[in-house]
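**Student:** Can you keep this structure in mind? I'll have questions shortly.
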Amino acid sequence: MHKLTQTQRVQAAIDQPREKLKIFGKQHLSDAELLAIIIGSGTYGESALSICRRLLHDHHHRLTNIGCRSFMELAQSYRGLGMAKTMKILAALELGRRRREETPTQQMSITSSKDSFHFLQPILGELPFEEFWAVMLNNANKIMHHECFGRGGVQSVQVDLRRVIKTALDYRATALIVGHNHPSGQMQPSQEDIRLTKNLKEAAGLFQIRLLDHLIVSDDAFYSFSDEGLI
């Protein structure tokens, strides 16, 4: 049997995601190649890599867009995926999202709306329904605690401002940043968003707690009430 040269072995590995990872390292694999390793195998007539390239193409080559799809949407829409492989993909994407969320919050300071967005985006960016979160800060604007204070549907969320203030007092916070998402992608605040912000600022002020900002968050953009002069 003819033995492959070193060059031929390397070239063969380039076409096989698992071998490529072993030789070159994970950082040298494309998104499609990493997804192909996750699903493990293809189907009759189409390789795992081909399926994953097709999946990424249909989602504008953005993993975030895939993560926003529901389990049944993916499982039923893509020949060659099925339920088991779809579970693997969504589980891997969710682990990536949680990894971004593991920022050591006790060491993180918020100095701008962009800082707030980078902190809140992994939490809110891909959700298919609205959630409202508050971030408690100390005098140095370091994060002390963050918590969800409301979950709703696609278009609205109910928030108990008394609970937000009580939690801020429990953590002896001197400042607050709040944020929620708009699953529709519409970044402009509603009248209810504006009213809630005004009420929260007034309530927090009674206890000498500053409301620094309110962000509306999507997967890749944000609207800052502070930047727009609404706080």
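The values are calculated or read from the model by the stated rules, or taken from the named source; none is laboratory data. Keep in mind that what you see is a predicted model, and the values were worked out from it rather than measured. Neighbour counts run over all protein chains shown; Cβ positions are idealised from the backbone, glycine included.
**Student:** Can you tell me how many residues within segment 65-92 are over 26 Å from Y44 (Cβ atoms) and assigned to a helix (DSSP H, G or I)? Reasoning before the result, please.
**Tutor:** To start, the set of residues in segment 65-92 that are over 26 Å from Y44 (Cβ atoms) comprises 65, 67-68, 70.
This time we only want the ones that are assigned to a helix (DSSP H, G or I), so: 65, 67.
Counting residues in segment 65-92 that are over 26 Å from Y44 (Cβ atoms) and assigned to a helix (DSSP H, G or I) gives 2.
**Student:** Report, by residue number, each residue of segment 108-130 that is out of contact with any Leu (no Cβ under 8 Å at 6 or more places or on another chain), of a type in the set (A, V, I, L, M) and assigned to a loop (DSSP other than H, G, I, E, B). Spell out how you get there, then give the answer.
**Tutor:** Step one: filter segment 108-130 for residues out of contact with any Leu (no Cβ under 8 Å at 6 or more places or on another chain), giving 108-109, 111-112, 114-115, 118-119, 121-130.
Retained after the next criterion (residues that are of a type in the set (A, V, I, L, M)): 108, 123-124, 127.
Those that are out of contact with any Leu (no Cβ under 8 Å at 6 or more places or on another chain), of a type in the set (A, V, I, L, M) and assigned to a loop (DSSP other than H, G, I, E, B): M108, L127.
**Student:** With respect to H145, is the statement that it is closer than 19 Å to F222 by Cβ and out of contact with any Gly (no Cβ under 7 Å at 6 or more places or on another chain) true? Spell out the reasoning first.
**Tutor:** Working: closer than 19 Å to F222 by Cβ: no; out of contact with any Gly (no Cβ under 7 Å at 6 or more places or on another chain): yes.
For H145, the condition - closer than 19 Å to F222 by Cβ and out of contact with any Gly (no Cβ under 7 Å at 6 or more places or on another chain) - is not met.
**Student:** A further question follows. If Q191 satisfies all but one of (1) surrounded by fewer than 19 Cβ atoms within 10 Å (Cβ to Cβ); (2) among the polar types (S, T, N, Q); (3) in contact (Cβ under 8 Å) with a residue 24 or more places away in the chain, what's the number of the condition it fails?
**Tutor:** Failed condition: (3).
**Student:** Looking at (1) charged (D, E, K, R); (2) buried (at least 18 other Cβ atoms within 10 Å of the Cβ); (3) assigned by TED's automatic domain parsing to the domain that holds L211, which is the only condition K85 fails?
**Tutor:** For K85, the failing item is (3).
Results for (1) within 19 Å of R97 (Cβ to Cβ); (2) in contact with a Ser or Thr (Cβ under 7 Å, 6 or more places away or on another chain), shown as yes or no for each residue.
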| position | (1), (2) |
| --- | --- |
| F129 | yes, no |
| G150 | no, no |
| T167 | no, no |
| A175 | no, no |
| H180 | yes, no |
| D193 | no, no |
| Q208 | no, no |
| L211 | no, no |
| L215 | yes, yes |
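For (1) modelled with pLDDT under 90; (2) β-branched (V, I, T), each residue gets a yes or a no:
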position	(1), (2)
T105	yes, yes
S116	no, no
F119	no, no
L127	yes, no
F149	no, no
V154	yes, yes
A168	no, no
G185	yes, no
I194	no, yes
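**Student:** Let me ask something else about it. When residues of segment 28-64 are filtered for being in a helix (DSSP H, G or I), of a type in the set (G, A, S) and crowded, with 16+ Cβ neighbours inside 10 Å, how many remain? Explain how you work it out, then say what you get.
**Tutor:** Looking only at segment 28-64, we keep the residues that are in a helix (DSSP H, G or I), and these are 28, 31-39, 48-58, 63-64.
Checking which are of a type in the set (G, A, S) leaves us with 32, 36, 48, 50.
The next check asks that each one be crowded, with 16+ Cβ neighbours inside 10 Å; those that pass are 32, 36, 48.
Going through segment 28-64 one residue at a time, the tally reaches 3.
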